[in-house]
1. Can you report the number of residues in the stretch 25-42 which are within 13 Å of the chain's Cα centre (by Cα) and surrounded by fewer than 18 Cβ atoms within 10 Å (Cβ to Cβ)?
2. So, residue 45, is that one without any contact (Cβ under 8 Å) to a residue 60 or more places away in the chain, surrounded by fewer than 16 Cβ atoms within 10 Å (Cβ to Cβ), touching a strand residue (DSSP E or B) at 6+ places or on another chain (Cβ under 8 Å) and over 18 Å from residue 94 (Cβ atoms) or not?
3. I'd like the full set of residues that are in contact (Cβ under 8 Å) with a residue 40 or more places away in the chain and either in a strand (DSSP E or B) or in contact with a helix residue (DSSP H, G or I) (Cβ under 7 Å, 6 or more places away or on another chain) (or both), limited to the stretch 89-107.
4. Taking the stretch 109-119 on its own, how many of its residues are in contact with a strand residue (DSSP E or B) (Cβ under 6 Å, 6 or more places away or on another chain) and in contact (Cβ under 8 Å) with a residue 60 or more places away in the chain?
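Just so it is clear, none of the values below were taken in a lab; they were calculated from the coordinates. Computed from a prediction, not measured in an experiment: that's the story for all the values here. A quick note on method: Cβ atoms are made from the backbone with ideal geometry, for glycine too, and the neighbour counts reach across all protein chains shown.
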């Protein structure tokens, strides 16, 4: 098992969400990066609501991890871009289903647009593996 260390230094304020301030990856680990995962179904449909897009985004994240033989524990950094206010109660429900309390580092940004006009959220993963 890869010894990824997640830390919230006592000298810093507590995270404002479910993430770790610092994630340390051991020497010799391989880096795996995904493209931004979006809220699209297998037929190429993008739902109108952000909540539905969040749901499909997490489905696609799980599939991307599985395709590389990775577990959520392998995720070291998550970058999130959204075009409208996220329903954090719903988002964290999906987030905690995936990470179960062992949180990667995270950056979130609200932006004016993503690559397609109908997209409201995109999530990129940085992962480490042996």
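1. Here is the first cut: in the stretch 25-42, the residues within 13 Å of the chain's Cα centre (by Cα) are 33-39.
Right, trim to surrounded by fewer than 18 Cβ atoms within 10 Å (Cβ to Cβ) and you get 33, 35-36.
Number satisfying all stated conditions: 3.
2. Details: without any contact (Cβ under 8 Å) to a residue 60 or more places away in the chain: yes; surrounded by fewer than 16 Cβ atoms within 10 Å (Cβ to Cβ): yes; touching a strand residue (DSSP E or B) at 6+ places or on another chain (Cβ under 8 Å): no; over 18 Å from residue 94 (Cβ atoms): yes.
Spelling it out, it is not the case that residue 45 is without any contact (Cβ under 8 Å) to a residue 60 or more places away in the chain, surrounded by fewer than 16 Cβ atoms within 10 Å (Cβ to Cβ), touching a strand residue (DSSP E or B) at 6+ places or on another chain (Cβ under 8 Å) and over 18 Å from residue 94 (Cβ atoms).
3. Those that are in contact (Cβ under 8 Å) with a residue 40 or more places away in the chain and either in a strand (DSSP E or B) or in contact with a helix residue (DSSP H, G or I) (Cβ under 7 Å, 6 or more places away or on another chain) (or both): 94, 98, 99, 102, 105, 106.
4. So the answer is 2.
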